[in-house]
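Structure first, commentary second.
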Amino acid sequence: MATDADNAQGKLWGGRFTEQTNQLVEAYTASIGFDQRLAEVDIEGSIAHAKMLGACGIIPDEDARTLVQGLTDLLAAAKAGRLEFRVEDEDIHMNVERLLALRVGAVAGKLHTGRSRNDQVALDMHLYTKRAAETVRQAIRTLQQALVDSAEANFDVIIPGYTHLQRAQPVLFAHHLLAYFWMLSRDADRFADVAKRADKMPLGAGALAGTTFPINRESVMQTLGFASLYENSLDAVSDRDYLVDFLSAASLLMTHLSRLSEELILWSSEEFGFIELADAYCTGSSMMPQKKNPDVPEVVRGKSGRVYGHLMGLLTVLKGLPLAYNKDLQEDKEGLFDTIETVLPALELFAGMIATLEVRRPRLQQAFARDYSNATDVADYLAAKGVPFRTAHEVVGKLVLQAIELGKPLGDLDFSVYQAASEAFESDIYERITPEAVVAARKSRGGTAPEAVRFQLELAKTVLATPGS
């Protein structure tokens, strides 16, 4: 005869319930639609747990071996994409347990001994996040290599440098690219730190207070390759700091990619014309035949807001939660998964885009034809002659005004104009203010002179060549 519990849709937790779950509740609260991507780590965690249960004598060795074999078969099926999940089983844990029962029978019910879905899902997310952080870090390194390669290939190219999006001083194109290398290097370090913070095992915390079974958490930790354990069961099942760390690191990474996107968009416009993006990374217009649109950097620039939103979403979920586990924490997953799916393709696309972009050298040479970004060097010239810099600054400002009125760059002004402005000027001023001379003069470490940039390049190569960096 069917019992009330049997009528509660056969839920694994249905013993206390006497009526079926409302179908809308079931659909709205189920997480299998997105947490099925945790299948492999969930099964790996269950294998380690089953081995421990057998080794500790909590379940018979024969049952443990049966569970491990069944789970190993499921893991192979998961990797091959052959598992089928059901919404009525709610989440990845209960789906895996049902699928295991189909293979090994009633002994599958022993797998959940000494654990809760609360510490189980925490384990899954730690494993998943630790691996994802390393994958992102490696993708960052690939983009950094592309930046280094492009910097070397275009080492002699000089471009206008900007502040306030106004011409400021000329810099090597390589110097500009390497600025992003160092931003990305900090991003890589942040994701390494995310992996470190995720490298802590929560399994064994139970629902919130631990378990009455004589489990061996250390053996599971070692089997799964974690560096340490959570020392407080309440903290273990409620902590999502490491996910905030991931989303924070991803948000800053997307900030850097968005800044680079903006420059690639500007530089590839006809108004700038500094670079040409490969056709493979652009699209056309359905109406205007001449168009070549930089869609990839535009979309990456737009998707930065998407990632920021996931960070703010998780912070908002966490801010008012009492200890320990609450169903709200189910909202930690979709934002993480979507962020990973946003960041990894962006990094791959940027690596290809940087590797294939073409610098338009003739256009860059033209850019300095009517340019006053060497004005600081004229002032520095006077300062080196003993003229107070503030006085030199005023003198050069007036020279720039004259040059603008005459429609000439500073390098084309008659020497008589310089002499009238200050007796300190000598005829060597012209050779001091060419774009090449201006760039070469900035030899200080971190500067844009070729020797300083070459030093930067070697440091960058060292970073990329260092194992685990």
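The values are calculated or read from the model by the stated rules, or taken from the named source; none is laboratory data. Fair warning: this is a prediction, and the values are worked out from it, not measured in the lab. Counting neighbours? That spans all protein chains shown, and the Cβs are built from the backbone with ideal geometry, glycine included.
For the criterion of being in the same structural domain as residue 248 (by TED's automatic domain parsing), surrounded by 14 or more Cβ atoms within 10 Å (Cβ to Cβ) and part of a loop (DSSP other than H, G, I, E, B), residue 273 passes.
To keep it simple, each residue is scored yes or no on (1) within 25 Å of the chain's Cα centre (by Cα); (2) closer than 24 Å to residue 338 by Cβ; (3) among the polar types (S, T, N, Q); (4) at pLDDT 95 or above.
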residue	(1), (2), (3), (4)
256	yes, yes, no, yes
262	yes, yes, no, yes
268	yes, no, yes, yes
284	no, no, no, no
291	no, no, no, no
296	yes, yes, no, yes
299	yes, yes, no, yes
305	yes, yes, no, yes
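Looking at the stretch 427-446, which of the residues that are small (Gly, Ala, Ser) and in contact (Cβ under 8 Å) with a residue 12 or more places away in the chain is surrounded by the fewest Cβ atoms within 10 Å (Cβ to Cβ)? So, considering only residues that are small (Gly, Ala, Ser) and in contact (Cβ under 8 Å) with a residue 12 or more places away in the chain, the one surrounded by the fewest Cβ atoms within 10 Å (Cβ to Cβ) is 427. Of the residues making up the stretch 333-388, those that are small (Gly, Ala, Ser) and surrounded by 15 or more Cβ atoms within 10 Å (Cβ to Cβ) are 335, 346, 351, 352, 355, 367, 373, 375, 379, 383. Exactly one residue out of 422, 416 is at pLDDT 95 or above, of a type outside the set (A, V, I, L, M), over 20 Å from residue 159 (Cα atoms) and loosely packed, with under 13 Cβ neighbours inside 10 Å: that is 416.
Every residue, every condition in (1) assigned to a loop (DSSP other than H, G, I, E, B); (2) surrounded by fewer than 18 Cβ atoms within 10 Å (Cβ to Cβ); (3) touching a residue at least 24 places away in the same chain (Cβ under 8 Å); (4) of a type outside the set (A, V, I, L, M), yes or no:
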| residue | (1), (2), (3), (4) |
| --- | --- |
| 126 | no, no, yes, yes |
| 130 | no, no, yes, yes |
| 136 | no, no, yes, no |
| 144 | no, no, yes, yes |
| 175 | no, no, yes, yes |
| 180 | no, no, yes, yes |
| 203 | yes, no, yes, no |
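Rundown of residues vs (1) within 16 Å of residue 120 (Cβ to Cβ); (2) among the basic types (Lys, Arg); (3) touching a helix residue (DSSP H, G or I) at 6+ places or on another chain (Cβ under 9 Å); (4) without any contact (Cβ under 8 Å) to a residue 24 or more places away in the chain, yes/no style:
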| position | (1), (2), (3), (4) |
| --- | --- |
| 200 | yes, yes, yes, no |
| 218 | no, no, no, yes |
| 238 | yes, no, yes, no |
| 244 | no, no, yes, no |
| 249 | no, no, yes, no |
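Being touching a Leu at 6+ places or on another chain (Cβ under 8 Å), free of Cβ contacts under 8 Å to residues at least 60 places away in the same chain and not in a loop (DSSP other than H, G, I, E, B) is a condition met by at least one residue of the stretch 77-84.
Name every residue in the stretch 33-82 that is closer than 14 Å to residue 101 by Cα and either modelled with pLDDT under 95 or hydroxyl-bearing (Ser, Thr, Tyr) (or both), in order of residue number. Answer for the stretch 33-82, where residues must be closer than 14 Å to residue 101 by Cα and either modelled with pLDDT under 95 or hydroxyl-bearing (Ser, Thr, Tyr) (or both): 46, 66, 72. Taking the stretch 327-432 and the helices (runs of 4 or more DSSP H) fully enclosed by it, the elements with 1 or more residues that are touching a helix residue (DSSP H, G or I) at 6+ places or on another chain (Cβ under 8 Å), more than 30 Å from residue 130 (Cα to Cα) and among the acidic types (Asp, Glu) are at 375-384, 429-432.
Quick check on the stretch 339-356. Is at least one of its residues charged (D, E, K, R), in the same structural domain as residue 274 (by TED's automatic domain parsing) and either more than 30 Å from residue 303 (Cα to Cα) or within 40 Å of the chain's Cα centre (by Cα) (or both)? Checked the stretch 339-356: at least one residue is charged (D, E, K, R), in the same structural domain as residue 274 (by TED's automatic domain parsing) and either more than 30 Å from residue 303 (Cα to Cα) or within 40 Å of the chain's Cα centre (by Cα) (or both).
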